[in-house]
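The values are calculated or read from the model by the stated rules, or taken from the named source; none is laboratory data. Please read these numbers as outputs of a predicted model, since none were measured by experiment. Every residue, glycine as well, gets a Cβ built from its backbone with ideal geometry; the counts of neighbours run over all protein chains shown. Each accessible area value is taken on the protein alone, full model and side chains, heavy atoms only, with ligands, DNA and RNA left out. Shrake-Rupley method; radii C 1.70, N 1.55, O 1.52, S 1.80 Å.
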Amino acid sequence: MFQKTIDFFLENEKFNYALFFFIVIIGVYTYITLPKEKFPIMDLDRITISGGYSKISNTLLDKIAVSEIEREIRGIEGIDKVSSTISNGSFAISVELKSGTDKSKVADKLRDAVSLSSKNLPSDMNLPTVSEVARISEVIQIAMTSSDINFALRNVDRVRDKLLAIDGVANVSTKGEREEFITFKIDEKRLDIFGISIAQVVSAIQNLSHIYPLGKIESKGYHLYLLSEGGQKSPEKYLNSIIKVGDFSVRLGDLATLETGFEEDSQLSTVNLNQAIVFEVNKFESENALKVAERVKNFVANWNDPEIELYHFLDDSRSIRDRLNSVVSNILFGLILVFFSIFVLISKRMALVVTIGVPTSFFIAFIFLYLYGYSLNLISLLGLLIALGVLVDDAIIVSENIQRHLENGDSPMEASRKGALEVVTPVTLATLTTIFTFIPLLMLSGQTGNFIMMIPITVSILVIASYFESFLFLPLHAKHILKRGEKVQDWKWLKSIYKTVLKFHVERKWLFLTAFLILIPVSIFYSAKMTKFQFFPRIDTPVIYISGKVAENVTLAETEKIAKEISEEVWRNKEHFGIANISAISGFRRTAVGERENGENLFYIYLDLHEVVPQNIIEKYVTPYLSFDYDEKLKIREMQNDAILKELKQEFQNVKEKYKLEDFSVFKKRIGVKVDIEIGVIADSTQDIFLAISTLENEISEIGGITSHSNNAFLGVDEVILEINPYGQELGITEKDISNALSSLYLSNRRATAIGEKDVLEIVIESVGIDNIDSLSTLNLTLSSGEKVRLTDVANFKLQRNLERINKYDFHQMKSVFVNVDTKVITADEVLQKLEPTFQKLRQNGIEFDFLGEKERKDQLKSDLGKATILALSLIFLSLILAFKSVGSTLLIMSVIPFSLLGVFLGHFAMGMNLTMPGIIGAFGLAGVVINDSIVMLSFLQKAKNYEGILERASQRLRPILLTSITTLLGLSTLIFFVSGQALILQPIAISLGFGLFWGTILNLIYLPIMFSIGKRK
C-alpha cells in the first residue's frame, strides 16, 4: 500500500504540485483566519449557585440559605468539591464536578435542591440562581467619561448597543453603571402626628403606579389600547397625589419626600483619574481576538460625540500578538538555522527540501485546527513548539535517506522511491510513538487538564501532518531538487572518529555498561532530588494590580478618595514606570490570591503597562523582521514588571499606616496557580481559627524566602441581636412585631415600578432614618391596643462581631493563610516541610488543615501524570513489540526514555531554573523525539550480525541522527538562551527538549549500539 501511494504521488507530478500549492494557499488563509486568543475557551467543570438578600448579616444568610442549600446538595452524584463564600448580603456556592460528569444533569439536580431549600427564605428574596460556568473571552476594555457623569449614565445603553453591533462582539458588561430610581423617603415623625403606620403608607404608594396594559377594545373599524398613566408623573404630581390611609385621606407630600436620580453607588470607577463607566468587551468563541480588538479600537477612534469621551485600555490583543510574534519569529528563525546547518553539513539542495517540508506540515496542521474549530493561543503555541523537533526529524530522515541512495548511484526517481520506502516503518513507528506519548495527557483532570488539553491535540495533528508531508510531497521535491553527483559534505572523517569511539566502547562493553548503569541512575536520582518544582515560571505581564481594604464602617466616597490619592501618586510617575493607563474601582477588589470581594471599604487599581522594549539581541534584530504583526512603536517600557513591583512596594510600604488599611498588596497575576501555598484552617470555633492562623503566620514570618503572606480572617460589621425581655413578653410583643417595625425602617425596598423616559424605573421606599443609628433607641412600637412603647423598654440589645466574610470548603467553615515564595530561595514544598511541626502541634488541639494552591494542583498533577505515563509507556511498548517482534529490542529502545531525563534535570540546573509544568510537558515531548532516533538506529542495527556490522550500520545512522539533533537544537536555541517577557513561559519546554535531546543523542549513538552488541559475536 505504501509503495503504491508513494509511486502515485511521484508519477503524478502535476497533481502533486497542484495539491501542494492548494494546501499552501489554504494553510496561509486558515492561519490568518484562525481565532487567536490568550487561552483556549474551556468548558469548566464547575457550576455556581448564587443569591443574596439586602442588608442581612453573613451569619444569618448562612443559616437561612447557604447551609440549607448545602444540606440538599450533599448527596448529588458527580460532585467533587463544594466551596461557599458569603459576604455583604450575597453568597456564591461553587460546585466542582468530577471528570466526565454530565454537567447539565448535575445542574438540573442542583436547581431541584435549591427549590427544596427555599422554604426558609424570606418571601421577598429572589430564588438563588444556578448557572454553568464558562470562561469568558475578554478582549479589551472601553472607558466612557463626561463632564456630567449623570449624562454619561443615561448614555450607557447607547454606547453598549453600538459596541454590541461590532462584528465579533458577543457581550459587553459594565462597571460603574447604575439604575435610575424614584425614591420616596418616609418621615416617621410625621406618621406619628397622623397616627399612620409605615406599612399603610407603603401599600398606598405601591398602588400609585400601574405599568401593565388594561386591555384592548376591538370595535369594527377601530381598535383601541387601554393603559394607565404608568407612573409617568413629575415629582410634583407624585407629591400632590392624595392617598387613602385608614379612614382619612392625606397628601403624599405631607408624609414623604421624593428624590429622582441614579441608585446609590455600589461601585465607583475611574480611568486616568476621571470618573468613568467601563465597558468590558468579550468576543464570540470562534472570533479572532486581534481582529475584534482592532474593530473596537476603530470604533473608539471614530467616536465623535463631544460630550462623551471614549478610550480603550487593558487591551488583551497586545499580549496575544506578542506571544504569536515570539513563537512565529522563533520558528522562522529556527527554519533559517535549519537551512544553513543542513547547507553546511550536507548540501544546499537537501537544505531546501527539508526547509520546504517543515512549513508545509504547519500549513496542513492549520487547516485541521481550523476545520475542528480550534484556536491559536498560548497552549496550542506550546504544542507547535514541541512538535517542531519531530517535524525536522521526519523531513531529515526521509530526505537524508534519499540523498544516500543518490550518492550510491540510483537515479532521482529510484532514490526517491527507495529512500522513502526504506524508512516507512521507522518513521511510521516514530509517528505512532510520538502520538502515544502525548495522547495520554488528555487524562489530566481538573483545571490543569482543561488548560493543557490543546498540547496533545496540536502535537498529534502536527505529527500526522508531518508524516503525510514526508511521504506524499517530500519525495517529489527531493526527486526534482536533489541531484546525483552534486558535491555534498564529506562525513567520512566524522564517521571514522565515531566508529573508533564506538569500537573502543563495544570492546569494553561490560566495563562501560557497569559504569553507565551505576553512574547514570544515581545521577538522575540525585539531580531529580535537588531539582525544585514550581507550577509555572514567572513572566512579564502587561498589567500590575493594587488591591486594598480600608477599615470597616467607612463610606464608598471615603474609599474612593483613598484610591484616587494612591492612583494620583502612581500616575505622577507614569513615564518612569511605563504606564499607559490607570483604572481604579472602589467598592470591589480581587485579592492577591484571586478572591473576589464587594464592599464599600474595598478598592482595586489596574496599572495598564506599555509593552516592554526588546531585551536581547534576538528581540532587537530578529523578531521585528520575522514577525507578521510587529509594532516597534508600542514597545516603550524600560522597566520589567518585577522591578516595577519592587519599587511600588517600597514606595507604598507605609500606606497601611497612613490610611489605616486592613490589607494592601501590589501584585501581578500568575499563570496556572494564583498563590504558591494556601493553608485552609478548619476548626469548630471562629476563635480557634483565629488563634491557629496567628500561630502559623508567626512561624511563616521566620522563614527565609517568603515574599508575602496574608489571610482572609477579618471581622466585619457588628451585629445587634434583639431579644424580647419579660416586660415585652407580658405586653404580647413578638419577634414578628419587631421585624415589621425595623424592616420598614432599615430595609430599603423596591416596592413598585413606573415608566420613565426610556425604560421602566424602580420605585424605592425607605425611611428618612435608614442610616441613623439613634433612631434605633428612640423607636416606638405600636401595640394592638393602639398604645406605643419604646423598643429599648421591651427588648434587650446584644452586640457581637460578625465575620466580614464566611468561607466554607466541603461544608466546613474554613479560613486560609496565603503564602507566596521567592522560588530562587525556597519552594512551596520546602515551606510546608518547615511548617510540619507546627501543623502537628495544632492538630493535637483539634485544628484540621486543607492544603490548596500549588500543593493541591501539584498533588493532582503528580497522580494524573503517573497514570498518563503508564498508559503512554504501555502504548509505546505495544507498538514497538509489534514492529520489532522482540521484547529485548523493545525494552532497549524504551530504556532511552528514563535515561534521557538526566538532560532535562541538568538543563534546568545549568539555566538556574526550577522544574515547571511546561518543563514536564517538554519532557514528554523529549520522549517522542529521542525515541524516534532510537527507532531509526535500531531498525538499521537489526541486520548487523557481528561487531563490524554494528559499527558499519551505526555509522550509517550517524548523519541523520546528528542532523536531526543539531537542527532541532539550533531551532530551540533562541528560546533557551534569548527569551524574555511573556515568552518566558516557553523557555522550560525548550530547555527540556534541547538539553534532553543533547544527552539523548549521546545515548542513541553510544549506549544503544553497545547494548545491542550484547550477545553478538566479534
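Structure notes:
- Residue match in the range 545-559 (condition: under 29 Å from residue 322 (Cα atoms), under 30 Å from the mean Cα position of the chain (by Cα) and among the basic types (Lys, Arg)): no
- Residue match in the range 728-743 (condition: surrounded by 13 or more Cβ atoms within 10 Å (Cβ to Cβ), not basic (Lys, Arg) and not in a helix (DSSP H, G or I)): yes
- Here residue 286 clears all of (1) modelled with pLDDT under 85; (2) closer than 19 Å to residue 171 by Cβ; (3) open to solvent by less than 60 Å² (accessible area, probe 1.4 Å); (4) out of contact with any Gly (no Cβ under 6 Å at 6 or more places or on another chain) except the condition numbered (3).
- Against the list (1) at pLDDT 85 or above; (2) open to solvent by 50 Å² or more (accessible area, probe 1.4 Å), the condition residue 670 fails is (1).
- Where helices (runs of 4 or more DSSP H) fall entirely within the range 349-454, those with at least 1 residues that are over 30 Å from residue 674 (Cβ atoms) are at 378-407, 412-422, 424-438.
- Residues in the range 942-968 that are outside any helix (DSSP H, G or I) and either open to solvent by less than 40 Å² (accessible area, probe 1.4 Å) or closer than 29 Å to residue 391 by Cβ (or both): 4 in all.
- Scope the range 244-256; condition surrounded by 15 or more Cβ atoms within 10 Å (Cβ to Cβ) and modelled with pLDDT of 75 or more; matching residues: 250, 256
- Among (1) under 28 Å from residue 827 (Cα atoms); (2) modelled with pLDDT under 80, the one test that residue 720 misses: (1)
- Tally of residues being open to solvent by less than 40 Å² (accessible area, probe 1.4 Å), more than 18 Å from residue 567 (Cβ to Cβ) and in a loop (DSSP other than H, G, I, E, B) across the range 616-659: 4
- Every test in (1) at pLDDT below 85; (2) closer than 22 Å to residue 890 by Cβ; (3) of a type in the set (Val, Ile, Thr) is passed by residue 1001 save one, and that test is (1).
- When the test is whether a residue is closer than 19 Å to residue 917 by Cα and touching a Lys or Arg at 6+ places or on another chain (Cβ under 7 Å), residue 828 passes it.
- The range 660-682 - residue that is part of a strand (DSSP E or B) and of a type in the set (A, V, I, L, M) and, of those, farthest from residue 695 (Cα to Cα): 666
- Residue tally, condition open to solvent by 10 Å² or more (accessible area, probe 1.4 Å) and either touching a strand residue (DSSP E or B) at 6+ places or on another chain (Cβ under 6 Å) or hydrophobic (A, V, I, L, M, F, W, C) (or both), over the range 401-423: 2
- Scanning the range 102-117 for residues that are open to solvent by 80 Å² or more (accessible area, probe 1.4 Å) and at pLDDT 85 or above yields 105, 108, 109, 111, 112.
- Candidate set: the range 369-380, residues that are open to solvent by less than 10 Å² (accessible area, probe 1.4 Å) and not polar (S, T, N, Q); chosen: the one modelled with the lowest pLDDT: 378
- Any hit, the range 657-679, residues being of a type in the set (Phe, Trp, Tyr) and within 26 Å of the chain's Cα centre (by Cα): yes
- Filtered by the rule that a residue be open to solvent by less than 10 Å² (accessible area, probe 1.4 Å), in a helix (DSSP H, G or I) and under 13 Å from residue 17 (Cα atoms), the range 458-476 gives 469, 474, 475, 476.
- Top-ranked residue in the range 546-598 [being among the small types (Gly, Ala, Ser) and open to solvent by 10 Å² or more (accessible area, probe 1.4 Å); ranked as nearest to residue 311 (Cα to Cα)]: 580
- Test for residue 699: is it at pLDDT 85 or above and in contact with a strand residue (DSSP E or B) (Cβ under 6 Å, 6 or more places away or on another chain): no
- Per the conditions (1) over 22 Å from residue 286 (Cβ atoms); (2) of a type outside the set (Val, Ile, Thr); (3) touching a residue at least 40 places away in the same chain (Cβ under 8 Å); (4) surrounded by fewer than 16 Cβ atoms within 10 Å (Cβ to Cβ), the sole criterion not satisfied by residue 158 is (3).
- Screening residue 984 on (1) of a type outside the set (Lys, Arg); (2) out of contact with any helix residue (DSSP H, G or I) (no Cβ under 9 Å at 6 or more places or on another chain); (3) within 29 Å of residue 884 (Cβ to Cβ) shows it passes everything except condition (3).
- Whether a residue is in a helix (DSSP H, G or I) and buried (at least 18 other Cβ atoms within 10 Å of the Cβ) was assessed, and residue 602 does not pass this test.
- Restricting 897, 921 to those that are on the phi < 0 side of the Ramachandran plot and open to solvent by less than 10 Å² (accessible area, probe 1.4 Å) reduces the list to 921.
- Residue 926 within 27 Å of the chain's Cα centre (by Cα) and either closer than 17 Å to residue 433 by Cβ or buried (at least 24 other Cβ atoms within 10 Å of the Cβ) (or both): yes
- Complete set of residues in the range 851-878 that are in a helix (DSSP H, G or I), under 24 Å from the mean Cα position of the chain (by Cα) and among the hydrophobic types (A, V, I, L, M, F, W, C): 861, 865, 868
- Members of the range 286-311 found to be more than 30 Å from residue 371 (Cα to Cα) and in a helix (DSSP H, G or I), listed by number: 299, 300, 301
- Residues located in the range 851-880, provided they are in contact with a strand residue (DSSP E or B) (Cβ under 9 Å, 6 or more places away or on another chain) and either open to solvent by less than 30 Å² (accessible area, probe 1.4 Å) or at pLDDT 85 or above (or both): 852, 853, 854
- Members of the range 312-322 that are open to solvent by 20 Å² or more (accessible area, probe 1.4 Å) and assigned to a helix (DSSP H, G or I): 316, 318, 321, 322
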